[in-house]
Amino acid sequence: MASIGDMLVDAGLTREHLDECRNLAVRSGESLDRIVLQRQYLDEVTLLQVYAKHLGYEFRKSLEGTKVPGEFVDQVPVHFARNYNLIALDKTSDGVLRVATCTPLEPHPMDDLAALVGGEVDAVLSPRLEITGLIARAYRHKADGVDEALDAVAEDGDIGSLAAEIDEAEDVLDVSNKAPIIKLVNTILFQALKMRASDVHFQPYPDRMQVRFRIDGILYDMDSIPRRVQDAIISRVKVMGKMDIAERRLPQDGRATIRLGDGEVDVRISSVPTSGGERIVMRLLDKTSKLYRIDEIGLEPHNREMLGEYLDYNHGIILVTGPTGSGKTTTLYASMAEIDTTQKNVLTIEDPVEYSLGGVSQVQVNTKKGLTFARGLRSFLRQDPDVMMVGEIRDLETAEVAIRAALTGHLVFSTVHTNDAPSTITRMIDQGVEPYLVASSIVLIIAQRLVRTVCQHCREYQPVSEEWAAKLRKVGMDTSDVPQGIAFGPGCDECFQSGYAGRTAIYEFLPVTENLRTQIMDGVNATELKKHAVREGMTTLREDGRSKIKAGLTTPDEVLRVTQLDVE
């Protein structure tokens, strides 16, 4: 059989690079595969395929859909699996545990694992990202060590002892050799990230501190923490956010970056003093989370086609509107990702920059230094832009600069906080913008809400009961609209027994037509504007929600929950 060196050369590694890597491996003590990867001479998939062939191991490029044996999760601590990138895939008929690894030349972790599980293990090679993803999915239903961390806090005589120093990016997976309080906070954050939480609340009560996670827009009570630990936890979180630990009577804001293995998560921290003690909310912004494309955000075909047309405009304002947490930023980013940045100069000013967009110059608002939305937008006009995005139009100054940019031949994207598309027009006028400027600059308004989608793992269709029929009538549907029944999730481990997993958006698209422009300049109110738009064919939020119910994506409960104020 050919040597590993010859096989690597056949896979694309040059002889010079092979000799260089071998010399480095000898000098540093690192394994050859690690050196090749560090130098980026071969990609990981190619390298693992070569080693799989050489060592006689199976290679799996994807671990999607793999169900990890329960005994592995019970017997192997999550930090061991994470540190060594090892996860069980299945068990053979003769009791051998087949384990995925991305480091074929490191036998010691596999030996330690065999001792942990008390049996024989066999290696399967797989890419590192696939393994870390499967570890996260396998361990997300465990208590994640919160109870153990609380026990450690209880045993620690000096609860106030707190490591005041913090790394540039704290790794929440690294809980070994940490002070008990740090271990507890890191463990809670790890649990939150695995459960896809967008916010973590530390809410004080007279007898305890309640940890709550917001998942898919809904708050869930999680762990209860003893009252005596409250001050230490608050101090630890403040240290992470570089806030003033001694100040307990004024609200404070802070920011931190935490690591989850290779990925980074931005954390915005807010503390407010309450009668029961300080209350902390941490907003988690996962930089590694998926950046959605325009075909993946829940647009109906006619709305997708309409948005595609407007993205080709070379001037005008496209506004996305809705309450906080309604997915406006996701829609804006998906739209911006459609624009050809090789031919167009695209600039954004945001608060904060949530995702990194390739080929786009992104600026962070800094009010302390005087860099506001309006000032940033003004400076953009001197940067020869084609397309600009401003995070939010929240005052007259920003609105006026955005309108001037749109009228001088630039395409401008932004967001506004209003209940529906037509009321956005009256909001702009109420802010002090002249009606003729609103009419001539805005080309498209998109109102949206997020609804939870029925869990794909436990979804079933139920016959329409009297209760469901009443809810359908409230949404404007009847039983004939759902001949297959109502899509419903009874709850399973995958959706944490909620029946819902993930979210999609419902939309209301309002193109500003010539007729609408005339009405805006005539000072027509939002209700009349909406009636006129519906007559012209506008699909309201509720109507879009109805189509999602018919498709079995969501339930009448969800559509009613997010469209209470949507009067057709």
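The values are calculated or read from the model by the stated rules, or taken from the named source; none is laboratory data. Just so it is clear, the model here is predicted, and its values are computed rather than measured. Cβ atoms come from the backbone with ideal geometry, glycine included; neighbour counts cover every protein chain shown. Side chains are part of the model used for accessible areas, which takes the heavy atoms of the whole protein and leaves out ligands, DNA and RNA. Shrake-Rupley method; radii C 1.70, N 1.55, O 1.52, S 1.80 Å.
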Could you list, in sequence order, all residues of region 465-475 that are of a type outside the set (Lys, Arg), open to solvent by less than 100 Å² (accessible area, probe 1.4 Å) and either modelled with pLDDT of 90 or more or part of a helix (DSSP H, G or I) (or both)? Trp468, Ala469, Ala470, Leu472, Val475
Taking region 515-544 and keeping residues basic (Lys, Arg) and either in contact (Cβ under 8 Å) with a residue 24 or more places away in the chain or closer than 12 Å to Ile445 by Cβ (or both) leaves Arg517, Lys530, Arg542
In region 513-568, what count of residues is obtained for those that are among the hydroxyl-bearing types (Ser, Thr, Tyr) and not in a helix (DSSP H, G or I)? 6
Provide a single number: the residues in region 344-385 that are part of a loop (DSSP other than H, G, I, E, B) and touching a residue at least 12 places away in the same chain (Cβ under 8 Å). 17
Within region 253-270, restricting to residues that are buried (at least 18 other Cβ atoms within 10 Å of the Cβ) and part of a strand (DSSP E or B), the one that is modelled with the lowest pLDDT is Leu260
Just to be sure before I move on: is Glu296 acidic (Asp, Glu), in contact with a Ser or Thr (Cβ under 7 Å, 6 or more places away or on another chain) and more than 23 Å from Asn366 (Cα to Cα) in the structure I sent? no
Taking the conditions exactly as written (open to solvent by less than 20 Å² (accessible area, probe 1.4 Å), in contact (Cβ under 8 Å) with a residue 12 or more places away in the chain, closer than 30 Å to Ile549 by Cβ and in contact with a helix residue (DSSP H, G or I) (Cβ under 6 Å, 6 or more places away or on another chain)), does Val390 satisfy them or not? no
Just checking, does region 422-439 include any residue being touching an Asp or Glu at 6+ places or on another chain (Cβ under 7 Å), open to solvent by 20 Å² or more (accessible area, probe 1.4 Å) and either assigned to a helix (DSSP H, G or I) or of a type in the set (Asp, Glu) (or both)? no
Restricting region 271-300 to residues that are open to solvent by 40 Å² or more (accessible area, probe 1.4 Å) and in a strand (DSSP E or B), which is nearest to Ile215 (Cα to Cα)? Arg283
All positions within region 9-36 that are open to solvent by less than 60 Å² (accessible area, probe 1.4 Å) and within 23 Å of Leu63 (Cβ to Cβ): Ala11, Ser31, Asp33, Val36
Working carefully through the options Gly327, Gly322, Gly316, find the one that is farther than 17 Å from His410 by Cα, touching a helix residue (DSSP H, G or I) at 6+ places or on another chain (Cβ under 7 Å), crowded, with 17+ Cβ neighbours inside 10 Å and small (Gly, Ala, Ser). Gly322
